[in-house]
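Undergrad: This structure is in structure tokens; I'll ask about it shortly.
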Amino acid sequence: MLIVKKFGGSSVADKERIFNVAKRCIEEYQKGNDVVVVLSAMGKTTDHLIEMAKDINPNPPKRELDMLLATGEQTSVALMSMAMSAMGVPSVSLNAFQVVMHTSSAYGNARFKKIDTKRIRHELESRKIVIITGFQGVNKYDDVTTLGRGGSDTTAVALAAALHADACEIYTDVEGVYTADPRIVPNARKLKEITYDEMLELATLGAKVLHNRSVEMAKKYGVQLVVRSSLNNAEGTIVKEETDVESMLISGVAVDKNAARIAVIGVEDIPGIAFKIFDLLAKHNINVDVILQSIGREGTKDISFTVARDDLQEAVTILEENKNRITAKEIKFDDTVAKVSIVGAGMQSNPGVASQMFEALYNVGINIRMIATSEIRITVLINEEDVEKAMRAVHDKFMEE
Ligand code: ASP
Ligand code: MG
């Protein structure tokens, strides 16, 4: 069997953890399997590298930032190979250049295009454990690129797809995917299984356990994932197309505090205004989520929507600059909001899920400011200060029954 194992930053944070990972990989190897290991940077290394960069230049050139950040993963893979060598097992570390892992040219947000598997195959054939840098690639200019924070998961899935691996295991510091963040909701439960679609919604909505693009790619190439702990042998959570267990109504509650609300007030109630507003934002690569348009009155209306808090400043500036073009009287914003979402494949065939969620919020006196839904999720926008109360109330409503 060929197995891809990915370990996150906390799993390789220090010497002891590095040896722990080395041992787990060696056990797999000694069963006769081919083992490809993908590593993140140690502990908080990536955060520290970003701080170093910003200290030198608050606005570092993106190419140079990628050049810097990619060193974090290179450190982990080299040290891991040294650990395995100390344990008497043949291994080799490879960076994205050596593989080669080709990506698009977008520094800081690159996407995989093609992965050459020849070098990896060759190393596996000579019975080495192959240890590969997560989070990075090479673009058409032969520059180093990175995939965005948390991107090592995507490296693992991309490799599993390219190598037609028999398993892709994502090791982390929690035991799997939970129905909610256990730090906020103490009675959150670990899920046995979850579908790609549910996981994608949860990952996009703020659950940090998997990089959302890794889930997208796993779905596209049919790579079944297991999320489990690097520190014990507990069974993890399986992420796949369809779950076997009768699908629960709700598989998770997610929160996203990186949200801000913008209201474009008093625009003309004529065709083309929404197009102009969202086209402007799209051209600046600003993602918009929940959208609400008021009913027209006296020829005008208001259009409100949410953006990531990091994008708020830029979005407001763009809208202010184009106030006349979009016929707005005023641009208002609020960055003290948060999104709480419930996700579950079961809601497609069960009416009343939305009302149950709203009831749970009503029972604890929380006001809903905006609502958005898809087939398998319901999102409400609430005041940030209410988030923890909202999560517990909603989680209890669906999980306690
Ligand atoms: N080291 C990178 C980060 O901290 C990538 C990863 O951990 O997946 O975002
Ligand atoms: Mg991660």
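Undergrad: Pairs of alpha-carbon atoms within less than 8 angstrom and 6+ residues apart define the contacts here; what relative contact order does segment 284-341 have, in percent?
TA: Relative contact order here is 24 percent.
Undergrad: At 222 nm, what value in deg cm²/dmol follows for the chain if DSSP H runs of at least 4 each add -39500 (n - 2.57) and the sum is divided by all its residues, to the nearest 500? Intermediate values should be presented prior to the final figure.
TA: On the way: 12 runs with 140 residues, N = 401.
Counting only the DSSP helices, I get -11000 deg cm²/dmol.
Undergrad: Please give the contour-minus-distance gain from Lys62 to Asp47: 0.36 nm per residue of separation, less the Cα-Cα distance, rounded to one decimal in nm. Before the final figure, lay out each step's value.
TA: Values: separation 15, 0.36 × 15 = 5.40 nm, distance 1.55 nm.
Separation in residues times 0.36 nm, less the Cα-Cα distance, equals 3.9 nm.
Undergrad: Could you compute the FRET efficiency for Arg325 and Asp143, with r as their C-beta to C-beta distance and R0 at 35 Å, rounded to 0.05? Intermediate values should be presented prior to the final figure.
TA: Values: r = 37 Å, r/R0 = 1.05.
With a Förster radius of 35 Å, E is 0.45.
Undergrad: To make sure I understand the rule: partners must be lysines, Cα under 18 Å from the Cα of Lys54, and not fewer than 8 residues away in the same chain. Which ones qualify?
TA: Once the sequence-local lysines are set aside, what remains near Lys54 is Lys44, Lys62.
Undergrad: Let me ask something else. Which of Ile132, Val144, Gln224 sits farthest toward the positive end of the charge dipole of segment 113-264, with +1 on the Cβ of Lys and Arg and -1 on the Cβ of Asp and Glu?
TA: Val144
Undergrad: Here's a follow-up. Which residues among segment 144-184 fall inside the zone where the amide N is under 17 Å from a point 7 Å beyond the Cα of Asp396, along Cα→Cβ?
TA: Only 180-184 fall inside the zone, counting backbone N under 17 Å.
Undergrad: Can you pull the Kirkwood radius for segment 28-132, inverse mean 1/r over Cα pairs, to one decimal in Å?
TA: Values: mean 1/r = 0.0657 Å⁻¹.
Radius from the Kirkwood sum: 15.2 Å.
Undergrad: Let me ask something additional. Could I have the simple spin-label model distance between Met87 and Asp166, label points 7 Å from Cα toward Cβ, reported in nm to one decimal?
TA: 2.0 nm
Undergrad: Give me the percent of DSSP beta bridges within the chain that run antiparallel, rounded to the nearest 5.
TA: Roughly 60 percent of the beta bridges in the chain run antiparallel, per DSSP.
Undergrad: Next question, about the same structure. Only counting other Cβ atoms within 10 Å, I'd like Asp143, Asp153 sorted with the fewest neighbours first. Could you put the intermediate results ahead of the total?
TA: Working: Asp143 16, Asp153 30.
Ascending number of Cβ neighbours within 10 Å: Asp143, Asp153.
Undergrad: Return the distance in nm (one decimal) between the two label points of a simple spin-label model at Glu314 and Asn367, each offset 7 Å from Cα along Cα→Cβ.
TA: The answer from the label model is 3.2 nm.
Undergrad: Viscosity 1.306 mPa s, temperature 10 °C: what is the translational diffusion coefficient of segment 249-401 from Stokes-Einstein with a Kirkwood Rh over Cα pairs, rounded to a whole number of µm²/s? Numbers along the way, then the final one.
TA: Details: Rh = 16.5 Å.
D = 96 µm²/s.
Undergrad: On a C-alpha basis, how far is the centre of segment 99-164 from the centre of segment 177-254 in Å? Whole number, if you could?
TA: Rounded to whole Å, the Cα centres lie 23 Å apart.
Undergrad: Please give the helix 273-283 orientation as an angle from the longest Cα principal axis of the chain, in degrees from 0 to 90, rounded to the nearest 10.
TA: 20 degrees
Undergrad: For segment 122-245, give the magnitude of the charge dipole about the Cα centre (Cβ charges: +1 Lys/Arg, -1 Asp/Glu; no others), in debye to the nearest 20.
TA: Working: 14 positive and 19 negative charges, 55 e Å.
The dipole magnitude comes to about 260 debye.
Undergrad: Mean separation of Cα pairs under 8 Å and 6+ residues apart, divided by the residue count of the chain: what relative contact order is that in percent? Could the numbers behind the result be given before it?
TA: Values: 855 pairs, mean separation 52.9, N = 401.
Answer for the chain is 13 percent.
Undergrad: Quick check: residue separation of Glu375 and Ala274 times 0.36 nm, minus the Cα distance between them. What number comes out in nm?
TA: Working: separation 101, 0.36 × 101 = 36.36 nm, distance 2.36 nm.
Computed gain between Glu375 and Ala274 is 34.0 nm.
Undergrad: With N denoting the number of residues in segment 149-280, provide Rg(C-alpha) divided by 2.2 N^0.38 Å, to two decimal places.
TA: Values: Rg = 18.2 Å, N = 132, 2.2 N^0.38 = 14.1 Å.
Normalised Cα radius of gyration, segment 149-280: 1.29.
Undergrad: Identify all lysines with a Cα-Cα distance to Lys397 below 24 Å; exclude those on the same chain that are fewer than 8 residues away in sequence.
TA: Within the straight-line limit of under 24 Å, Lys397 reaches these lysines: Lys190, Lys192, Lys208, Lys257, Lys339, Lys389.
Undergrad: Just to check, using Stokes-Einstein with a Kirkwood Rh over alpha carbon pairs, what's the diffusion coefficient of segment 90-210 at 4 °C and 1.567 mPa s in µm²/s?
TA: Details: Rh = 16.0 Å.
After rounding, the answer is 81 µm²/s.
Undergrad: Would you list, by chain and number, the lysines whose Cα falls below 20 Å from the Cα of Lys23, excluding same-chain residues fewer than 8 positions away?
TA: Hits, sequence-local ones excluded: Lys5, Lys6, Lys15, Lys31, Lys128.
Undergrad: Return one quarter of the surface area of the convex hull spanned by the alpha-carbon atoms of the chain, equal to its mean projected area, in nm².
TA: Details: hull surface 86.5 nm².
If I average the Cα hull's projected area over directions, I get 21.6 nm².
Read the figures in this text as sums done on the coordinates, not as results from a lab. For clarity, every value in this text was computed on a predicted model and none was experimentally measured. No Cβ is skipped: glycine too gets one built from the backbone with ideal geometry, and neighbour counts run over all protein chains shown.
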